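Everything below concerns the one structure shown next.
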Amino acid sequence: MNARRAGGVAAALVVGLVVGAVLTLSIQGTAIMPEERDAPSMPEPILTPELPDTFLAWSPGGMPARFADAVAEMPQIRRAVVVASDNTWLTKSYSADGEVVDDPPPTFSIPLEVAAVDPRAYAPFLPPADRSVTVALAQGKGVLGESSARLRGLAPGAVLRFGGERVEIAAILADELVGAHELLVSRDMGRRIGVTRNRYALLVPQGEPTARQVTVAVRSVLPTGTLVRVRAPGDTPYFRHGDAVLPPVKIKELFGEFAAKPREGWPAGFLTADPEWVRTYIDTQRVPLLGTVTCHIALFPQIRGAIRELIRRGLEDTITSYSGCWAPRHILGDPNSGLSHHAWGIAIDVNVPQNPFGAPPNQDPRLVEVFEEWGFIWGGRFIVPDGMHFEYHRPPKDAS
């Protein structure tokens, strides 16, 4: 793995990067692309710029296979594209000059969140100046988000390897334009590197409907009982699935990136993280009310701050049990899911017996209030409730 990147993030975290960080995104109008490149024939141009009227729809279990076709036939929807997203495993990367950049230890790979789209269907959801990148996508090339390019230190012309598959980087786009993913590829390339699950849809409806009206329309083509969340323009900074929590690339910027591999002797979905990363970032300390806690070193100040505030308010009894923080694994131990934020050691589970996953949450609202003031997001507000779960989301409200 790139030691320069790991060491730099570690130093910044120790001096308080998480406390001082403010995550903001700003849409860019022009992609960063190679200057010398023969331009192949373009798809039929779209001459009318899109208005900011795109809605997001996503479901925890993914969108049904025929969702895109069903939506396309709906009179209420003018345009739609379904985005696939999965965790993939980067085995090596090279700069545009051919120098090795990412080189994880033998048997380890770097988890990368990659999105896959139909280039022609995705083009209308990009600013007109950026739509030419869809031609490169159709040719099997990839697009990095700005945060991903910055994290990796890569530019157009770089190459990412996923086992035997090679993806050349054609351009860099603003994070918002790639759903805050680390890499965007075509559907064909996605299938070749393991990106197949339809996670969310971008929808442009007819007229000016409310989010409720769009939700009713979307639910009409979903199986009965399917959980779905619809966001209107401006509702969320991350137009993607799981939009309430930080995307992996933002977590990597704050807490570092690790290589991993399946954990021997454990069920599928559990991982062994690069021991060097673990030594740098993971520590075990005593915390009041919780006892012995193993977490990311940068999270301890916020955990202690929340616990001290509970004690100051006389709310010690609101925590009756603590069940862990750092756990290198996929979400719910499912190897087909993304990485759990527990894999970075930035989430804690408390009062588990009273708050089983998927059940109505049963946490004291005063406990929730304190943890949210200290920059944690509560899983009890997720579309599938996870009442035991609190994870890092932002610096504390009073952080300077």
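The values are calculated or read from the model by the stated rules, or taken from the named source; none is laboratory data. Remember, it's a predicted structure, so these values are computed and weren't measured experimentally. When we count neighbours, we look across all protein chains shown, and the Cβ atoms used for this are built from the backbone with ideal geometry, even at glycine.
Looking at GLU113, GLU44, GLU99, can you tell me which residue is at pLDDT below 95 and either over 30 Å from ASP398 (Cα atoms) or in contact with a Gly (Cβ under 9 Å, 6 or more places away or on another chain) (or both)?
That would be GLU44, the only listed residue that is at pLDDT below 95 and either over 30 Å from ASP398 (Cα atoms) or in contact with a Gly (Cβ under 9 Å, 6 or more places away or on another chain) (or both).
Name the residue, out of ARG120, ARG131, that is over 17 Å from the mean Cα position of the chain (by Cα) and surrounded by fewer than 19 Cβ atoms within 10 Å (Cβ to Cβ).
ARG120
Just name the residue that is farthest from ALA259 (Cα to Cα) out of those in the range 278-291 that are surrounded by 13 or more Cβ atoms within 10 Å (Cβ to Cβ) and among the polar types (S, T, N, Q).
Ranking the candidates gives GLN285 first.
State all residues of the range 85-109 that are outside any strand (DSSP E or B) and in contact with a strand residue (DSSP E or B) (Cβ under 7 Å, 6 or more places away or on another chain); if no residue qualifies, say none.
Scanning the range 85-109 gives THR91, VAL101, ASP102, ASP103, PRO104, THR107, PHE108.
Mind checking whether some residue in the range 292-300 is surrounded by 13 or more Cβ atoms within 10 Å (Cβ to Cβ) and farther than 23 Å from MET388 by Cα?
Checked the range 292-300: no residue is surrounded by 13 or more Cβ atoms within 10 Å (Cβ to Cβ) and farther than 23 Å from MET388 by Cα.
Please specify each residue of the range 221-233 satisfying the condition of being surrounded by fewer than 20 Cβ atoms within 10 Å (Cβ to Cβ), of a type outside the set (A, V, I, L, M, F, W, C) and touching a residue at least 40 places away in the same chain (Cβ under 8 Å).
Within the range 221-233, PRO223, THR226, PRO233 meet the criteria.
Run ASN362 past the list (1) assigned to a helix (DSSP H, G or I); (2) in contact (Cβ under 8 Å) with a residue 24 or more places away in the chain and report the number of the one that doesn't hold.
Answer for ASN362: the failing condition is (1).
Can you tell me how many residues within the range 187-222 are of a type in the set (Ser, Thr, Tyr) and more than 20 Å from the chain's Cα centre (by Cα)?
Matching residues across the range 187-222 total 3.
Which condition breaks for HIS181 when tested against (1) assigned to a loop (DSSP other than H, G, I, E, B); (2) surrounded by fewer than 24 Cβ atoms within 10 Å (Cβ to Cβ)?
(2)
So which of LEU173, LEU246 ends up being crowded, with 21+ Cβ neighbours inside 10 Å, touching a residue at least 40 places away in the same chain (Cβ under 8 Å) and not assigned by TED's automatic domain parsing to the domain that holds GLU99?
Sole residue among the options that is crowded, with 21+ Cβ neighbours inside 10 Å, touching a residue at least 40 places away in the same chain (Cβ under 8 Å) and not assigned by TED's automatic domain parsing to the domain that holds GLU99: LEU246.
Does PRO353 fit the bill of being assigned to a loop (DSSP other than H, G, I, E, B), under 26 Å from TRP266 (Cα atoms) and not assigned by TED's automatic domain parsing to the domain that holds ALA115?
yes
For the range 377-387, enumerate the residues that are over 17 Å from LEU299 (Cβ atoms) and either surrounded by fewer than 20 Cβ atoms within 10 Å (Cβ to Cβ) or in contact (Cβ under 8 Å) with a residue 40 or more places away in the chain (or both).
The answer is GLY380, ARG381, PHE382, ILE383, VAL384, PRO385.
Per-residue answers, yes or no, for (1) surrounded by 18 or more Cβ atoms within 10 Å (Cβ to Cβ); (2) free of Cβ contacts under 8 Å to residues at least 60 places away in the same chain:
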residue: ILE307; (1), (2): yes, yes
residue: ILE311; (1), (2): no, yes
residue: GLY314; (1), (2): no, yes
residue: THR318; (1), (2): yes, yes
residue: TRP326; (1), (2): yes, yes
residue: LEU332; (1), (2): no, no
residue: PRO335; (1), (2): no, no
residue: LEU339; (1), (2): yes, no
residue: ALA347; (1), (2): yes, yes
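If the requirement is being touching a Pro at 6+ places or on another chain (Cβ under 9 Å) and of a type in the set (Asp, Glu), which of these qualifies: ASP243, ASP283?
Criteria check complete, one pass: ASP243.
Within the range 360-373, is there a residue that is out of contact with any Leu (no Cβ under 7 Å at 6 or more places or on another chain), more than 19 Å from LEU310 (Cα to Cα) and assigned by TED's automatic domain parsing to the domain that holds GLU316?
yes
Out of the residues in the range 312-343 that are of a type in the set (Ser, Thr, Tyr) and at pLDDT 95 or above, state the one that is farthest from GLY265 (Cα to Cα).
Checked the range 312-343; the qualifying residue farthest from GLY265 (Cα to Cα) is THR318.
Among the listed residues GLU264, GLU257, which satisfies the condition of being among the acidic types (Asp, Glu), at pLDDT below 95, assigned by TED's automatic domain parsing to the domain that holds PHE376 and closer than 30 Å to SER109 by Cα?
Only one candidate qualifies: GLU264.
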